[in-house]
Amino acid sequence: MIGEHMKLIIASNNKGKIREYKQLLEPFGYDVVSQSEAGINIEVEETGTTFAENSALKARAIYDITKNAVLADDSGLVVDALNGEPGVYSARYGGCDNDKDRVDLILDKMKDVKDEDRTAHFVCTIHFIRENGEEIAVEGRVYGKIGYSPIGENGFGYDPIFMYNDKSFAQLSAEEKNSVSHRANALKALTEKLREQEGR
């Protein structure tokens with residue numbers, strides 16, 4: 001256990017993301033709250049050119065205000081055939097303002113791409129700042145392919161077109177996705193570091 005129910009602010013109001021973090025971090029004794037639940041209404045400009053820079057910017061901005069444990073992540077889809085797009089622009093790709101349009105845009109750009117060239121991976125970087133200001137940065141990835149049409153009802157974002165083995169991320173249950181996703185892999189790296197620090 002890492003302390004007795006310390007509040008941990010997630011630098012996000014994305015319900016899907018908060019739900020995943022609650023499932024994965026509450027066992028460590030953290031009381032996971034979203035940015036809005038913590039009463040923080042800042043919009044941090046994601047001016048970084050890498051996922052790691054963006055997650056650090058968000059975490060530090062909130063830590064500076066609250067001096068509370070905070071976790072920020074930046075994640076996105078990297079499609080090889082699109083030269084790494086959408087990458088750090090995953091959340092606002094193509095100027096689209098909803099997931100469906102972004103998914104359609106990628107499928108459209110890839111309509112002539114052969115199966116073996118449809119490789120892609122999700123990246124998640126996590127920047128964690130403890131109550132004492134100590135910072136931990138980690139990254140997780142999961143590799144797959146871009147499908148040909150959206151499949152599945154679960155997940156969010158690009159999950160319906162990200163094929164992991166023979167299912168899309170949106171077809172996996174929360175438990176399945178949480179065991180293999182980029183966020184899960186980044187969190188595994190984070191929890192290992194937290195455990196190491198506990199033991200040192």
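If r is the Cβ-Cβ distance from Lys22 to Thr50 and R0 is 35 Å, what FRET efficiency results, to the nearest 0.05? Intermediate results must be reported in sequence, preceding the final value.
Values: r = 27 Å, r/R0 = 0.77.
FRET efficiency, Lys22 to Thr50: 0.85.
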Exercise for review: Have a look at the DSSP beta bridges in the stretch 6-199 and tell me what percent are antiparallel, nearest 5.
Suggested key: 80 percent
Revision key, fill the gap. Which of Ala81, Ala69, Ala120 fluctuates most in a GNM of the chain (C-alpha springs under 10 Å)? That residue is Ala81
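Restricting to DSSP loop positions (anything but H, G, I, E, B) with no more than 12 other Cβ atoms inside 10 Å of their own Cβ, which GluC sites (Glu not before Pro) remain in the stretch 126-200? Could you put the intermediate results ahead of the total?
Numbers: sites: Glu131, Glu134, Glu135, Glu139, Glu153, Glu175, Glu176, Glu192, Glu196, Glu198; in loops: Glu131, Glu134, Glu153.
The qualifying sites are Glu134, Glu153.
For the residues Ser75, Ser90, Ser149, what sequence is obtained by ranking on other C-beta atoms within 10 Å, fewest first? List each step's numbers first, then the result.
Working: Ser75 24, Ser90 21, Ser149 10.
The fewest-first ordering by Cβ neighbours comes to Ser149, Ser90, Ser75.
What does the charge count around Glu20 come to, taking other residues whose C-beta lies under 14 Å from its C-beta (Lys +1, Arg +1, Asp -1, Glu -1)? If you can, show how the numbers build up before the last one.
Numbers: positive: Lys15, Lys17, Arg19, Lys22, Lys177, Arg183, Lys188; negative: Glu26, Asp73, Asp159, Glu175, Glu176.
With Lys, Arg at +1 and Asp, Glu at -1, the net is +2.
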Revision key, fill the gap. Of Asn165, Asn178, Asn54, the most mobile residue in a GNM of the chain (C-alpha springs, cutoff 10 Å) is Asn165
Revision key, fill the gap. Counting Lys and Arg as +1 and Asp and Glu as -1 over every other residue whose Cβ sits under 14 Å from the Cβ of Gly155, the net charge comes to +2
Check your understanding: Within a Cβ distance under 9 Å of Glu53, other residues only, what is the Lys/Arg minus Asp/Glu net charge?
Key -> -2
Review point. Quick one: putting +1 on the C-beta of Lys and Arg, -1 on the C-beta of Asp and Glu, what dipole do you get for the chain around its Cα centre, in Debye to the nearest 20?
Key: 220 debye
Exercise for review: Loop only per DSSP, at most 15 neighbouring Cβ atoms within 10 Å: give me the GluC sites (Glu not before Pro) in the stretch 13-78, ordered by residue number.
Suggested key: Glu37, Glu43, Glu45
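Taken together, the values in this text are just the output of simple stated rules run on the coordinates, not laboratory data. If you're wondering where the values come from, they're calculated on a predicted model, not measured in any experiment. Because the Cβ atoms are built from the backbone with ideal geometry, glycine has one as well, and the counts that use them run over all protein chains shown.
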